[in-house]
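> My structure is below; once you've seen it, I'll send some questions.
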Amino acid sequence: MPSRHTDRPPAWLAAARARADQPPATPREPLRVGAAVCGSVEPGLARQLVQAGLPLRREDAGWILAGDALDDVARWLHAHGHGGRWRDEPLAVRDAAGTVLAQVERAAVRALGIATRAVHLVGTTVSGEVWVQQRALDKAVDPGLLDTLVGGLVAGDETDLQSLEREAWEEAGLQLTALERLTPLAGMTVRRPVSDGYMVEHIEAFQAVVPEGRVPANQDGEVMAFECLRVPELLAALATGRFTLEAVLIHGRWIESGRHRA
């Protein structure tokens with residue numbers, strides 16, 4: 001826990017925050033849909049898109065794309081080995097104010113530097129232990145690592161709470177109405193290079209108590225197991241690389257909030 005005298009975070013949390021705030025590995029330029037900046041793109045990749053006949057044009061040290069062309073761009077990226085696995089999951093494309101401009105296939109968001117939204121749930125027992133999940137070994141990102149009890153991207157047509165409700169059932173077989181004291185925990189943004197481009201992800205975290213007698217049970221095959229950790233066990237695991245980066249940040253914020261002592 002942070003020192004009461006210095007308020008400095010522990011080394012593992014400071015290191016995670018540094019990892020979560022990194023510039024792109026290679027130069028990128030602004031990507032606009034209409035007049036609004038909504039992402040970024042490597043200049044070389046942008047030129048390839050132009051050469052392929054896609055409606056992308058250079059303007060004001062950046063690139064402008066019509067919103068209705070995003071699907072064509074996403075399919076070209078996928079066909080040419082850019083981006084992640086195609087999932088048929090449209091995500092919202094937003095401007096800096098959060099206004100939805102369009103939708104785009106999830107596989108293309110990192111290549112285009114498009115910001116995503118995610119929700120996570122810190123779930124505790126009545127007596128204060130913390131439920132965590134172990135990600136399935138076939139997950140494309142962070143296979144086998146520990147994570148928050150529930151977490152996932154917000155779909156293009158969902159609110160944060162709707163996504164949290166869907167993820168809670170799919171990943172843990174829990175209904176939000178069955179949880180106690182569901183409250184917002186924190187918002188944070190992760191910016192860092194990833195294998196398929198640049199990640200910009202706005203995370204809304206929540207906390208809730210899982211009632212006594214209810215045990216998380218995965219429904220979609222994306223979780224290998226669940227563990228229930230005492231807070232000292234959680235802190236030890238957070239400090240030794242067993243968790244995803246996002247889960248370290250979220251649990252670290254939860255610890256700093258003092259809610260583990262409530």
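> Leu121 - would you say it is part of a helix (DSSP H, G or I) and either at pLDDT 95 or above or of a type in the set (Gly, Ala, Ser) (or both)?
Spelling it out, it is not the case that Leu121 is part of a helix (DSSP H, G or I) and either at pLDDT 95 or above or of a type in the set (Gly, Ala, Ser) (or both).
> A further question on this structure: Return the residue satisfying two criteria in turn: it lies in region 222-257 and is within 19 Å of the chain's Cα centre (by Cα) and in a loop (DSSP other than H, G, I, E, B), and of such residues it is surrounded by the fewest Cβ atoms within 10 Å (Cβ to Cβ).
Checked region 222-257; the qualifying residue surrounded by the fewest Cβ atoms within 10 Å (Cβ to Cβ) is Gly241.
> Something else: Does Ala140 qualify as being hydrophobic (A, V, I, L, M, F, W, C) and not assigned by TED's automatic domain parsing to the domain that holds Ala205?
no
> Determine, yes or no, whether Val104 is farther than 18 Å from Tyr198 by Cβ, touching a residue at least 12 places away in the same chain (Cβ under 8 Å), among the β-branched types (Val, Ile, Thr) and not in a loop (DSSP other than H, G, I, E, B).
no
> Which residues, counting only those in region 132-159, are in a strand (DSSP E or B) and touching a helix residue (DSSP H, G or I) at 6+ places or on another chain (Cβ under 8 Å)?
Answer for region 132-159, where residues must be in a strand (DSSP E or B) and touching a helix residue (DSSP H, G or I) at 6+ places or on another chain (Cβ under 8 Å): Val132, Gln133, Leu146, Asp147, Val150, Gly151, Gly152, Leu153.
> Also, I was wondering about something else. Does Val150 meet the test of being more than 15 Å from the chain's Cα centre (by Cα), assigned by TED's automatic domain parsing to the domain that holds Ala172, among the aliphatic types (A, V, I, L, M) and more than 22 Å from Gln22 (Cα to Cα)?
Judged against the criteria, Val150 is not a match.
> Exactly one of these conditions fails for Arg214: (1) part of a loop (DSSP other than H, G, I, E, B); (2) basic (Lys, Arg); (3) under 18 Å from the mean Cα position of the chain (by Cα). Give me its number.
(3)
> Something else about it: Just for region 111-156: of the residues that are hydroxyl-bearing (Ser, Thr, Tyr) and over 16 Å from Arg87 (Cα atoms), which one is surrounded by the fewest Cβ atoms within 10 Å (Cβ to Cβ)?
The extreme case among them is Ser127.
> When Gly98 is evaluated against the numbered criteria (1) touching a residue at least 24 places away in the same chain (Cβ under 8 Å); (2) surrounded by fewer than 12 Cβ atoms within 10 Å (Cβ to Cβ); (3) under 21 Å from the mean Cα position of the chain (by Cα), which criterion, by number, is the only one it fails?
It is condition (1) that Gly98 fails.
> Would region 16-25 turn up any residue that is of a type in the set (Lys, Arg), touching a helix residue (DSSP H, G or I) at 6+ places or on another chain (Cβ under 8 Å) and modelled with pLDDT under 95?
no
> Inside region 26-63, can you point out the residues that are assigned to a strand (DSSP E or B), modelled with pLDDT of 95 or more, among the β-branched types (Val, Ile, Thr) and surrounded by fewer than 18 Cβ atoms within 10 Å (Cβ to Cβ)?
Within region 26-63, none qualify.
> Could you grab the pairs with beta carbons closer than 6 Å, sequence gap of 6+ or different chains, first residue in region 193-218 and among the hydroxyl-bearing types (Ser, Thr, Tyr), second one buried (at least 22 other Cβ atoms within 10 Å of the Cβ)?
These pairs meet every condition: Tyr198/Gly113.
> Continuing with the same structure: Say whether the condition of being crowded, with 16+ Cβ neighbours inside 10 Å, of a type outside the set (S, T, N, Q), outside any strand (DSSP E or B) and touching a His at 6+ places or on another chain (Cβ under 8 Å) is met by at least one residue in region 181-203.
Yes, the conditions are met somewhere in region 181-203.
> Kindly establish whether Leu70 is among the aliphatic types (A, V, I, L, M), assigned to a helix (DSSP H, G or I) and over 25 Å from Val119 (Cα atoms).
No.
The values are calculated or read from the model by the stated rules, or taken from the named source; none is laboratory data. Quantities reported herein were computed from a predicted structural model and do not represent experimental measurements. Here the Cβ is made from the backbone with ideal geometry for all residues, glycine too, and neighbour counts use every protein chain on show.
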